[in-house]
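Rule-based calculations on the coordinates, nothing more; no lab input. Remember, predicted model here, so these are calculated numbers, not experimental data. Note: ideal-geometry Cβ built from the backbone for every residue, glycine included; neighbour counts use all protein chains shown.
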Amino acid sequence: MRPIRSFVAERVSDYHANVHTRPATVRAIQGESMRKRIIPAALLSLSIVAAACGDDETSTTTAASTAPSESTDGGTGTTVGGDCALTEPLKIGYAADMSELGAAADGPGVAAAQFMIDQINAAGGVGGQQVEFASKDVQGDPAATQRAAQELIDDGVDAIIGPPFANTGAPLIDTVNGALPIVFMSSTDPSLADPSRGAFLATFSDPVQSAAMAEFALAEGHTTAVTFSSTDDIYFSGNPEYFTTVFQAGGGSVLADFSYSLGDADFSTQVNEIASLSETPQVLFTAMIMPLVQTLIEQLDAAGLGDIVVMGVDAFDATGIVSAGTVADGVFFSAHTYPTDGNGVQKFLDDAAAAGTAIETISFGALAADAVQIIAAAATEACSTDGATLIETVNNLVNVPVTTGTVTFKDTNGVPEKDVVILTIEGGEIAFVQALRPTNIPS
């Protein structure tokens, strides 16, 4: 997600409690409509467990777990063994946002990144060297981000995992100034993807996820929609615009766009306007967050508009729409990943639980593991820790196995080719629907 105004933080303060209600077992539905299954589980057989995160701002260095191994990774994406022999260890930094809002992503992110590195080291490291890890708290503040970035550079890191929002991501890029690669673990903001400055996303972008939802809606036979947009942040206005572009290009019709504010607690005016339309829309699309979207759904139901299918993007997942219970049944939204038979996410969660480590989110833990695997793959491919070389190598990676599937950066302008996972709510629980890559992505 993109930067969100500070008053939104209180609306997602129960995030960590909500995510623990998510089921460990995933139920796949609508299998016949699935366009593309996720990469086979054989590619992701390595256990990935997140270590405890901690809340200090000091650098931490990963201890060597085992002696280097001569074995290869067997397609797990852990990039060990092979012919590469580095003369010095790869060192990965994490400019983590541990503020009230940012910690929802970077809390589990730091934990997962640390343990992914531990697992790589247990399998032999990268280039025969044990990977090292350092993290700094950027505190959700641009000035603190610049200080943390410089400290990481001074610590000798070779690559940095970036924070979730552009208000800290942009100053991170400015401070690093193309000296080494930055992989933004959870941001969907396409403005942070700039290979010419060494900046990449580990996720799909907002145009991609909204396009996926539009194509999914059309595939389900829906031809009319309305959207809800807010000018409080471009995330909340941009995603509905992307959805509208793709939905209408595919033959659908967007009947109206309704405005709201992130401070709103009532949507009766908008709901009454929907009820007065000459045609009841089949879909309502929005990038709204919880608990606002719960209130909207409840008011739609009360107005006799409960048959409208509510669709959203990763904010629905990140702010825990599952906590709304059965009132959210039938809602569809995009997510970065979810455990299926075709990926390594469930094994990641199971191994973490077995080790006594709580991974507070599904998506962000897995994405942090992805970010580490991307950097390690580049160092192995290039057999180098030189910043410029790593940037060039990341920018040309193709079909790299990671925890959530595979990623390709070649000719993608820094936004990897990745599946968009579509989830729904059934009986008050999350259920997997399908994974797809949209064909029409708005620029």
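Cross-link reach is defined here as a Cα-Cα straight distance under 13 Å, omitting same-chain residues fewer than 8 places apart; for Lys91 the aspartates and glutamates meeting it are Asp118, Glu132, Asp154, Asp155, Asp158, Asp386.
What would the Debye formula give as log10 I(q)/I(0) at q = 0.17, 0.21, 0.23 Å⁻¹ for the alpha-carbon point model of the range 349-443, no solvent? Values returned for q = 0.17, 0.21, 0.23 Å⁻¹ are -0.90, -1.12, -1.20. When you count the other C-beta atoms within 10 angstrom of each residue and take the mean per peptide, 320-329, 112-121 line up highest first as 112-121, 320-329. Using equal-weight Cα scatterers in the Debye expression, the normalised intensity of the range 374-424 in log10 at q = 0.31 Å⁻¹ is -1.19. With the convex hull drawn around the C-alpha atoms of the range 254-387, the volume per residue stands at 185 Å³. Exposure proxy ranking for Leu305, Leu201, Leu300, based on other Cβ atoms within 10 angstrom of each Cβ and starting from the fewest, stands as Leu305, Leu300, Leu201.
Can you give me the orientation-averaged projected area of the convex hull built on the Cα atoms of the range 98-177, in nm²?
Working: hull surface 20.8 nm².
So the Cα hull casts an average projection of 5.2 nm².
Its alpha carbons considered, the range 266-327 gives a radius of gyration followed by a Dmax of 11.4, 34 Å.
For each of Phe364, Phe216, count neighbouring Cβ atoms within 10 Å of the residue's Cβ, then give the residues from fewest to most. Intermediate results must be reported in sequence, preceding the final value.
Details: Phe364 27, Phe216 23.
Listing Phe364, Phe216 from fewest to most nearby Cβ atoms yields Phe216, Phe364.
Full extension of the chain segment joining Asp266 with Ala355 gains 27.6 nm, where the gain is 0.36 nm per residue of separation less the Cα-Cα distance.
Among Asp232, Asp155, Asp314, rank each residue by its count of other Cβ atoms within 10 Å, from fewest to most, as a rough exposure measure.
Values: Asp232 17, Asp155 14, Asp314 24.
Fewest to most other Cβ atoms nearby, the residues stand as Asp155, Asp232, Asp314.
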